[in-house]
Amino acid sequence: MKKKLAKLKYLPNNFQIIENGDYVVCAVSGKQINIENLTYWNVDLQEAYYSYAEAHKKREELNKK
């Protein structure tokens, strides 16, 4: 079975599935994140992050602006 990209709406403590799928893509690394492993995201930017490292990197980039 081929994996399908999901479409999510990121909320403060959860996310809403807009379009069913198996994974989302990390906004920093481009890695696939299985929905059941999704832990890090940014509500304002509506982006998912693979791990704390990618989330931290994005936060540092935003703080430089």
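The values are calculated or read from the model by the stated rules, or taken from the named source; none is laboratory data. Values in this document were obtained by computation on a predicted structure and should not be read as measured data. Backbone-built Cβ (ideal geometry, glycine too); neighbour counts: all protein chains shown. When the accessible area is computed, the model is the full protein with side chains, heavy atoms only, and any ligands, DNA or RNA have been set aside. Shrake-Rupley method; radii C 1.70, N 1.55, O 1.52, S 1.80 Å.
Summary table
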| item | result |
| --- | --- |
| Fraction of accessible area attributable to carbon and sulfur, the chain (%, probe 1.4 Å) | 47 |
| Highest to lowest packing among 54-62, 9-17, scored as the average C-beta count within 10 Å | 54-62, 9-17 |
| Heavy-atom surface of the chain, accessible at 1.4 Å and reported per residue (Å²) | 76 |
| Rounded if a/c under 1.5, otherwise prolate or oblate - the chain, Cα gyration tensor axes | prolate |
| Those lysines that a straight Cα-Cα span of less than 21 Å connects to K58, excepting residues fewer than 8 apart in one chain | K7, K9, K31 |
| Degrees, to the nearest 10: 52-64 long Cα axis against longest axis of the chain | 40 |
| Interchain or long-range residues, amide H under 5 Å from V28's placed H | Y50 |
| Under 5 Å, built H, 5+ apart or other chain: amide partners of E47 | N42 |
